Amino acid sequence: KPAFVVTSPALAEVIRDVNKYSNNVMAQHVFLTLALQKNGVATFDGAREALRQWWVARIGDAELPLADNGAGLSRDARITAHALARMLQVAWASPVMPELVASLPISGVDGTLRRSQSRAGTAHLKTGSLRDVMAVVGYVHGASGRRYVLVAVVNHANAGGARPVLDALTDWAARDQ
């Protein structure tokens, strides 16, 4: 008999914590769980293969991402801006789109975007940064009522200084007049 049983929060709650606050340890665990669910063993190779199969089934075999540890904190991970944009388009058409969008930080409101200088509430974006890299990806809500996919990645020694530029890009997309 088990000594104790712990029930995990619903996946949508876990993903919300991962995305809103960039919890890299939890992201890695979710990534490894892909392999555990598929193969019964949580390995990085198994998780990469599960991701590859998911990607090919939904997006195709062009521009496959190169995942490393599942958290994005790796110099070896690779994905193109176009592939990220395509993935976000596919996600928008998915039945779990509302949960995904709700998990993303809201510009000027919460999570990693609470200090964003772009107009509050105009975008749901996931942030990412490493030394010499800054990125935002997600959805911008235009004044016209349209929704836009936004992918912006800065690779430069002064990437940290790009935050005002990324905020301005978000505002520009939101004004879509």
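Rolling a 1.4 angstrom probe over the protein heavy atoms, how many square angstrom per residue are accessible across the chain?
60
Mean residue ellipticity at 222 nm from the helices of the chain, using -39,500 (n - 2.57) per DSSP H segment of n ≥ 4 over the full residue count, to the nearest 500 deg cm²/dmol?
Calculated at 222 nm, the ellipticity per residue is -13000 deg cm²/dmol.
List the equivalent ellipsoid semi-axes of the range 1-70 in whole Å, largest first, each obtained as the square root of 5λ for an eigenvalue λ of the Cα gyration tensor. Write down the numbers at each step before the final one.
Numbers: eigenvalues 119, 52, 23 Å².
In descending order the semi-axes read 24, 16, 11 Å.
According to the square roots a ≥ b ≥ c of the eigenvalues of the Cα gyration tensor, what is the shape class of the range 93-177, taking rounded for a/c under 1.5, prolate for a/b larger than b/c otherwise, and oblate for the remainder?
Because a/c hits 1.5 or more and a/b exceeds b/c, the range 93-177 counts as prolate.
State the percentage of accessible surface on the range 1-154 attributable to carbon and sulfur atoms; use a 1.4 Å probe and exclude ligands, DNA and RNA.
Carbon and sulfur atoms account for 57 percent of the accessible area of the range 1-154.
How far is the Cα center of the range 126-177 from the Cα center of the range 93-112, in Å?
Taking the Cα centre of each part, the range 126-177 and the range 93-112 sit 15 Å apart.
The values are calculated or read from the model by the stated rules, or taken from the named source; none is laboratory data. Computed from a predicted model, the values in this text were never measured in an experiment. Areas reflect the complete protein model, heavy atoms only, side chains present, ligands, DNA and RNA absent. Shrake-Rupley method; radii C 1.70, N 1.55, O 1.52, S 1.80 Å.
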